Amino acid sequence: MIGRHSLELALPGASIGAVAGAMAGGLTLLAGQSAGLAALSALALAAPLALFGGLYGVLLGRGVFRPGTFGPAGLYWMAAYPLSRLFQESVAGVGLADGVLPFLGFQAMVSLGFAIGFIWLHERLMPHWLLHRAGDNPHAAELLDHYVRHAQILSRRKGARR
């Protein structure tokens, strides 16, 4: 069972996923669809992206992913994003006219762009969140230590190049 400390690590990623999914509703509205369909589309994408974003934070806290690396996280989103989009389309859309496999293949390609944005934003929000939670949450303190060590390594590398 996931405890409070793990849920606290999940919050930044879940927030990013929820906002990204909600933005899809706005795009649906801009595309000329009804407000109801836009709301349904936003919710149908925000929910799984928030779930996968939160899971990313938990896995980061457990050491499955490391701060500052893209490869494993890119592979994670290459699976998670297409599944999220498949859920959205099965609930709110008609984007499966060409079949499920071509749809998933295209979404896997798009997912790397999403992953870059997600990781970039997560790397900027998570350390600030960890600073606030590290006093009460040993998992947050440990992950913050990983971020600090990563920043020190980058700083030394940058100083060595000068």
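The values are calculated or read from the model by the stated rules, or taken from the named source; none is laboratory data. Since the structure is predicted, the reported quantities are computational estimates derived from the model, not experimental observations. Positions of Cβ are generated from backbone atoms using ideal geometry, with glycine treated the same way; all protein chains shown enter the neighbour counts.
Does any residue of region 1-10 turn out to be within 17 Å of Ile119 (Cβ to Cβ) and part of a helix (DSSP H, G or I)? Looking through region 1-10, at least one residue is within 17 Å of Ile119 (Cβ to Cβ) and part of a helix (DSSP H, G or I). Here Arg124, Arg161 are screened, and the one residue that is more than 29 Å from Ala50 (Cβ to Cβ) and either without any contact (Cβ under 8 Å) to a residue 24 or more places away in the chain or under 21 Å from the mean Cα position of the chain (by Cα) (or both) is Arg161.
Which residue, of Leu60, Leu30, Leu51, is among the hydrophobic types (A, V, I, L, M, F, W, C) and under 21 Å from Leu86 (Cβ atoms)?
Residue meeting the stated conditions: Leu51.
Surrounded by 15 or more Cβ atoms within 10 Å (Cβ to Cβ), free of Cβ contacts under 8 Å to residues at least 12 places away in the same chain and out of contact with any strand residue (DSSP E or B) (no Cβ under 6 Å at 6 or more places or on another chain): does that describe Ala140? Judged against the criteria, Ala140 is not a match. Only one entry of Gly32, Gly57, Gly68, Gly53 meets the criterion of being in contact (Cβ under 8 Å) with a residue 60 or more places away in the chain and assigned to a loop (DSSP other than H, G, I, E, B), and that entry is Gly68.
Scan region 86-132 for residues that are surrounded by 15 or more Cβ atoms within 10 Å (Cβ to Cβ) and outside any helix (DSSP H, G or I) and report the count. Counting residues in region 86-132 that are surrounded by 15 or more Cβ atoms within 10 Å (Cβ to Cβ) and outside any helix (DSSP H, G or I) gives 1. Selection of region 41-61 for residues being surrounded by 23 or more Cβ atoms within 10 Å (Cβ to Cβ), of a type outside the set (A, V, I, L, M) and under 14 Å from Ala10 (Cβ atoms) yields Gly53, Gly54, Tyr56, Gly57. Every listed requirement among (1) among the hydrophobic types (A, V, I, L, M, F, W, C); (2) modelled with pLDDT of 95 or more; (3) touching an Asp or Glu at 6+ places or on another chain (Cβ under 7 Å) is met by Met78 save one, (3).
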